[in-house]
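Step one of this worksheet: look at the structure below.
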Amino acid sequence: MSQYLHQAFQDLRIRKNDVTNDQNKHRSQGNSAHLQALEEKIDSLYLMNLAALELLQDVGVSRSDILRKIEEIDLRDGKLDGKVASSSHCKDCGHKVSPRRRHCFYCGANIAQLQF
């Protein structure tokens, strides 16, 4: 009887580990897809920035002017940290909204974003 209970308990642990393994595999695949999408966005943003910088230099804007503007934009949130402001406010309801969101979480209003 003891051997039977031990075997049943062992089988239960094995099944639990199989389920956990499947969940981790699924999560890993999701992370890989998310990483791929982020890499594509970074590549696209890099190309847009490179084009903008080259166009600015073509019309006579100096590298130091560009760097000063980057610093000015970075300081808009009060911190020189290489990041834009962490949140903004919804124009309809006034709640704080992440700049990554396209719609307000609270009222559903469209959040204005730069489109290229």
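Please identify the pairs in which a residue from the range 18-33 that is on the phi < 0 side of the Ramachandran plot has its Cβ atom under 7 Å from the Cβ atom of a residue that is among the polar types (S, T, N, Q), counting only partners at least 6 apart or on another chain.
Qualifying pairs under 7 Å: none.
Go through (1) at pLDDT 95 or above; (2) outside any loop (DSSP other than H, G, I, E, B); (3) farther than 23 Å from Ser98 by Cβ and name the single condition Gln29 misses.
Every listed condition holds for Gln29 apart from (1).
Can you tell me which residue within the range 55-68, out of those that are at pLDDT 95 or above and charged (D, E, K, R), is surrounded by the fewest Cβ atoms within 10 Å (Cβ to Cβ)?
Per the criteria, the residue is Asp58.
Of all residues being at pLDDT below 85 and assigned to a strand (DSSP E or B) in the range 83-116, which is surrounded by the fewest Cβ atoms within 10 Å (Cβ to Cβ)? Just the residue, please.
My answer is His89.
Residues Leu67, Leu80: which one is in contact with a helix residue (DSSP H, G or I) (Cβ under 6 Å, 6 or more places away or on another chain) and outside the structural domain of Asn110 (by TED's automatic domain parsing)?
From the options Leu67, Leu80, the qualifying one is Leu80.
Which of the following residues is assigned to a loop (DSSP other than H, G, I, E, B) and either exposed (fewer than 10 other Cβ atoms within 10 Å of the Cβ) or out of contact with any Cys (no Cβ under 8 Å at 6 or more places or on another chain) (or both): Lys79, Lys41?
After applying the criteria, what remains is Lys79.
For Ser44, indicate whether it is among the hydroxyl-bearing types (Ser, Thr, Tyr) and under 30 Å from Ile66 (Cα atoms).
So Ser44 passes the test.
Is it fair to say Gly60 is of a type outside the set (Asp, Glu), part of a loop (DSSP other than H, G, I, E, B), without any contact (Cβ under 8 Å) to a residue 12 or more places away in the chain and not assigned by TED's automatic domain parsing to the domain that holds Ile111?
The answer is yes for Gly60.
The values are calculated or read from the model by the stated rules, or taken from the named source; none is laboratory data. From a predicted model like this one, the values you see are computed outputs, not experimental measurements. In this analysis, Cβ positions are derived from the backbone assuming ideal geometry, glycine residues included, and neighbour counts consider all displayed protein chains.
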